[in-house]
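This report refers to the structure that appears directly beneath it.
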Amino acid sequence: MLNPERLAQLTALMAERGWNLLVLYGHTWRKDFFRCLVNVNFSGPHAAAIVTRQGDVHVAVSDPWDAEALSDSVGGNVAADGNFSRCLRRFAPGNGAVAIAGIEMMEARFVRVFSDPVSATFDVEEIRRSKTPRELAILRQAADLADRGYQHFADVIEPGMTEYELVAEVEAFLKTNGAEDNFMLIASGGTEVTGMKPPTERRFQLGDSVTTELTPQVDGYWAQICRTLVLGEPNSKQREAFGIFSEAQQAALDFLKPGVNIADVARVQNDVFRRHGYGDYTGPKYTRVRGHGLGLHCDENPYVLEDVNYTVKQNMTLIAHPNTYLPLSGYMVFGDSLLVTAHGCASLHRTERKLFQK
């Protein structure tokens, strides 16, 4: 549960920055900073792993059940209190520099427990971006489950089924096969569809384009796959649109390697749409990002956007997905979880890279 390699990295960072205490904060939705050191899926609303400069680890939680689950993993240095400010105060130093990873999502009353804390968010995120062999092994398990989940998606979908019925089927499959959680979006229809969302009661019809972003979590780590399926025979415009998406995603795969700027990973995808006359559909009106990091959070920095400058590093994991709206076919998606290798990148998936049909 306690990651000794990460602890060594964090204490080295503390020495470099002159921090006396490092707080790794997590809440119900964003547990990733906490879990990068103490990989326990806590159930309460708040948790913090607190690291001293000497490498001692303490844990503050708001739920007594979490304290029981965590006591063995951190040597019993665990405090639980429904008043989380009071719980944190037990470990707050009288003086010395304090840094908090996740301070931006922390309630002000919790931040005020510490005297003039600084943000450690970027520094800790930077450490987390290059995955260890153990982390990569877990991410491969998550990617394998995503593959099997999408195959189940394609097997069970039928005309007349509602979106929420299909998502329930997939969620049940993933949880039965070891998923800790799953983040999933879906959309169905034609040119009127401009984006994905949580499932609705809309019933699938022949001719529909059905898109999904499927993201199971295994032992804290998320892998994501994006695919588009047509119910019935795809029409010429759906095939033409998918050809553009496939070309754009392949451009990202061909370009991605250590040392490149993440902005250019977005640019090479957008350039494909521009060459085909659809440059107007590469902006924020029609698309959010051209990809993002993956790991202990399902939507990590850096975002793959043309105005985000970040140098790609070996052993980063991310998804490149040219998901957007086109007037040819409506909203389409296509993307894989990728590992940045020494000289390029590799997909973590085995699902066919095609326009699916049922």
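Couple of notes before you dig in:
- Meets criteria (among the small types (G, A, S), more than 24 Å from V218 (Cα to Cα), in a loop (DSSP other than H, G, I, E, B) and touching a helix residue (DSSP H, G or I) at 6+ places or on another chain (Cβ under 7 Å)) for G44: no
- The residues of segment 304-349 that are within 18 Å of A251 (Cβ to Cβ), among the hydroxyl-bearing types (S, T, Y) and either touching a Ser or Thr at 6+ places or on another chain (Cβ under 9 Å) or free of Cβ contacts under 8 Å to residues at least 24 places away in the same chain (or both), listed by number, are T324, S337, S347.
- One residue stands out among those in segment 42-55 that are under 24 Å from E5 (Cα atoms) and exposed (fewer than 15 other Cβ atoms within 10 Å of the Cβ): the one that is farthest from the chain's Cα centre (by Cα), which is Q54.
- Residue list for segment 307-331, filter: farther than 17 Å from T215 by Cα and part of a strand (DSSP E or B): T311, T324, Y325, L326, G330, Y331
- Pair list, Cβ < 8 Å and 6+ apart or interchain, from segment 232-244 residues that are farther than 11 Å from S209 by Cα to residues that are in a helix (DSSP H, G or I): I244/V272; I244/F273
- Residue among R288, R274 that alone is closer than 19 Å to M196 by Cβ, not assigned by TED's automatic domain parsing to the domain that holds W29 and not hydroxyl-bearing (S, T, Y): R288
- Among the residues of segment 87-130, the one identified as without any contact (Cβ under 8 Å) to a residue 40 or more places away in the chain and aromatic (F, W, Y) is F122.
- Against the conditions (1) under 20 Å from the mean Cα position of the chain (by Cα); (2) closer than 29 Å to R239 by Cα, Q151 satisfies every one except (1).
- Some residue of segment 220-235 being in a helix (DSSP H, G or I), β-branched (V, I, T) and surrounded by 17 or more Cβ atoms within 10 Å (Cβ to Cβ): no
- Scope segment 11-37; condition β-branched (V, I, T) and within 18 Å of N182 (Cα to Cα); matching residues: T28
- In summary, R203 fulfils each of the numbered conditions (1) surrounded by fewer than 20 Cβ atoms within 10 Å (Cβ to Cβ); (2) under 30 Å from L136 (Cβ atoms) with the single exception of condition (2).
Yes/no matrix, rows are residues, columns are (1) crowded, with 20+ Cβ neighbours inside 10 Å; (2) modelled with pLDDT under 95; (3) of a type in the set (D, E):
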position: G94; (1), (2), (3): no, yes, no
position: F110; (1), (2), (3): yes, no, no
position: S115; (1), (2), (3): no, yes, no
position: E126; (1), (2), (3): no, no, yes
position: F173; (1), (2), (3): yes, no, no
position: E180; (1), (2), (3): no, no, yes
position: S188; (1), (2), (3): yes, no, no
position: T191; (1), (2), (3): no, no, no
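- Total residues in segment 21-37 satisfying the condition of being touching a strand residue (DSSP E or B) at 6+ places or on another chain (Cβ under 7 Å) and either part of a strand (DSSP E or B) or modelled with pLDDT under 95 (or both): the figure is 7.
- If you check F273, F356 for being at negative phi, touching a residue at least 60 places away in the same chain (Cβ under 8 Å) and buried (at least 17 other Cβ atoms within 10 Å of the Cβ), only one passes: F356.
- The residues of segment 236-249 that are over 18 Å from L338 (Cα atoms) and crowded, with 21+ Cβ neighbours inside 10 Å, listed by number, are Q238, A241, F242, I244.
- Residue that is of a type in the set (K, R) and at pLDDT 95 or above, where the choices are R148, R90: R148
- Filter result for V40 (within 23 Å of S130 (Cα to Cα) and at pLDDT below 95): yes
- G102 passes every criterion in (1) modelled with pLDDT under 95; (2) on the phi > 0 side of the Ramachandran plot; (3) surrounded by 15 or more Cβ atoms within 10 Å (Cβ to Cβ) apart from (1).
The values are calculated or read from the model by the stated rules, or taken from the named source; none is laboratory data. Bear in mind that the values here come from a model prediction, so they are computed numbers and not experimental data. Cβ: placed from backbone, ideal geometry, glycine included. Neighbour counts: every protein chain shown.
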